[in-house]
Each structure stands twice: as structure tokens, then as C-alpha cells.
1. As a quick test, which of the pairs Lys92/Lys127; Lys86/Lys127; Lys44/Lys92; Lys44/Lys86; Lys86/Lys142; Lys127/Lys151 have an alpha carbon distance above 23 angstrom in this structure?
2. Treating the angle as unsigned and between 0 and 90°, give the value, to the nearest 10°, between the Cα long axis of helix 23-35 and the longest Cα principal axis of the chain.
3. Is the shape of the range 69-220 rounded, prolate or oblate, going by the alpha carbon gyration tensor and its root eigenvalues a ≥ b ≥ c, with a/c under 1.5 for rounded and a/b larger than b/c for prolate?
4. Between Val227 and Ser41, what length comes free when the chain is fully extended (0.36 nm per residue of separation minus the Cα-Cα distance, one decimal in nm)?
5. Per the helix-only calculation at 222 nm, which mean residue ellipticity applies to the chain, given -39500 (n - 2.57) for every DSSP H run of n ≥ 4 and division by its residues, nearest 500 deg cm²/dmol?
6. Given a Förster radius of 25 Å and the C-beta distance between Val96 and Glu190 as r, what FRET efficiency does 1/(1 + (r/R0)^6) yield to the nearest 0.05?
7. For the chain, take the alpha-carbon Rg, divide it by the Kirkwood Rh, and send me Rg/Rh.
8. Would you mind checking which residues have amide H under 5 Å from Val196's amide H? H placed 1.01 Å from N; only 5 or more apart, or other chain.
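Every number here is computed from the coordinates shown, using simple stated rules; none is lab data. Because the structure is predicted, anything quoted here is derived from the model rather than measured. Cβ placement follows ideal geometry from the backbone for every residue including glycine, while neighbour counts extend to all protein chains displayed.
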Amino acid sequence: MHRVDLGFCVLGQSLREGCGANTIMLNSLINGLCALNQLGSAAKVLAYMPQLGCAPNQITYNTLIDGFCRIRNSRIGLELCRQMAKEESCCKPDVVTYNTIIHGFCREDEIAAARMMFEEMIAEGMKPNVITFNILIDGLCKNGDVTEARKMFEEMPARGVNANLQTYNILIDGLCKNWDVIGAQELFEEMPSRGVVPNLYTFNIFIHGLCSHCDTHSASRMFDEMVSMGVVPDVYTYNILIHSFCSQGDWNRATGVFPDMVNHGISPDVMAFGSLINSLCKHRLTFEAEKLVSLMEK
């Protein structure tokens, strides 16, 4: 028997025995239905709660709102937020509620609606947290609006919110993808003064951004800085460099990456070999390509 079916059985038995239901039991049922994307049934449970003598709480609404937002139906999530605000009990929208809806709108590319919710939560006297800002900055970057993303980032201190590693990673990635490597460099250099230490993902983002601009020299320098900081590269890091070297016809540097990979305990994968073999074949260096295939087969 499925856990949700079991939940309905327990609820039915409890009602038959005159024990009634409680909010915790019904919240578990709503959570199970949302996990199965049975949002219609979950909404019916919410509607039926008053008849069972149970008052929905923040967990009830936030679970259901999250369910609708995850299936890209944030408008219904917003309607539930409005319904939640009208509850006579202390069950009112909180930061989690707003973050969930803002995230939902961002995933649906409704950036204007997401920003409206951000302004609304501030007007309601609610303090946005770092998650709120990260969601909005990510949404703006993915929408190609890095200027507004930067403004949102710069607004954080005034709101008493400190940017974290994820904030920097999101914005550095957005700047690199929108061809602002200089802006990304400035952010990267700012991190230590803010007490934020770059991780593997930060370096991979930045190295990829530099390589996308054909600046393999700076990318190699960034790779060296990464290793000197004790951050261990992964296969993706090496593949970025190999692909970039190959794109510039620098096969010596591309093949020179392989021994370094092995030294770091990383085996070259199909993508690493494929980039180099493809590049060699394009330049009619078939003998070198055949040697690489032989090495790959070993």
C-alpha cells in the first residue's frame, strides 16, 4: 500500500472511531499528495480541514504553495498566499511563503511578478533573507538582466543581508554568461574581503568564462591559483581547459593537461579525449589522433 493510501486509511479509521483528525495528520497527507504531484487532491484536503475541526497552519499552506510552484503553476500558489493572508488565525504568509512564490515565478520567467512579490513582502514589513536575494539574482541573470542583478546584489547590505558563497557564484556565472568577465573578476577579487572563500564551482565558472572569451592565459593562471588555494580540480575543470586549448589549436598544452589530471587522481573521460581527437582530425593530424585513440583504449 502506498504511503498516501495508508494515510487516507489511517484518517478514515480515526474518524470512524471518533478520534477525529488533527492538523499534523492532515499536513502529512497534503505533503504526500504534493510529492506525487496530486495537487488537486491536496487542495481538497485543505478545503476539507475546517469541516474536520482542523485549522491549517503555515506548514499546510507553504507545502501546498511549494507543490503548485514546483509544477510551474505559481499563480495558484499566489492565490493560496492571498487566502492564507485572510485566515483569522495566526497563519500568515512568512519569508518561506514569499521565497517559494518568488522562486516559482523566476522559474517561469515571470521576473516582473517575482519582483512584485519582493516589493510586497517588504511593504508587509517582512525582511528578505539571503535566499530571497539569491533567487532573484539568479532569475535576473538567467533572464539576461545582469544590470538589475548587480543592483539587487548591491541592495543587500542596506537590507542587512550578507551575500554568501552561493550569491557570488550565481552572479559571477551570470556575468560570465553575459560577456562581462571584467565584472566577474571584480566580484571574485572582492570575495576574501567579505569573508567568502571561493570553492570548486566558483573556479569552474570563472575558468569557463575566461575560456569562452579565448583568454586561456588568464584561465591557466586562475587554475594555478585554484590549486595553490588547496581547491582540487575535477574532470569538468580539465575538460574546460582541454576544449579551450583545442579550439585555439594548441595541442601541446591540451595534451599536457592529461599528466596533470592523472597526478590529481582524475582519469580523462570520453569528453576529454573526444575534444582532442576531434580537433586533431579537423586539422588533418590523423596520426596524432590515432595515437590518442590507442592511448584511450589502454
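1. Pairs exceeding 23 Å: Lys86/Lys142.
2. 40
3. prolate
4. Values: separation 186, 0.36 × 186 = 66.96 nm, distance 5.25 nm.
Here the answer is 61.7 nm.
5. About -22000 deg cm²/dmol.
6. 0.25
7. My calculation puts Rg/Rh at 1.13.
8. For Val196, whose amide H was placed from the backbone, there are no distant partners under 5 Å.
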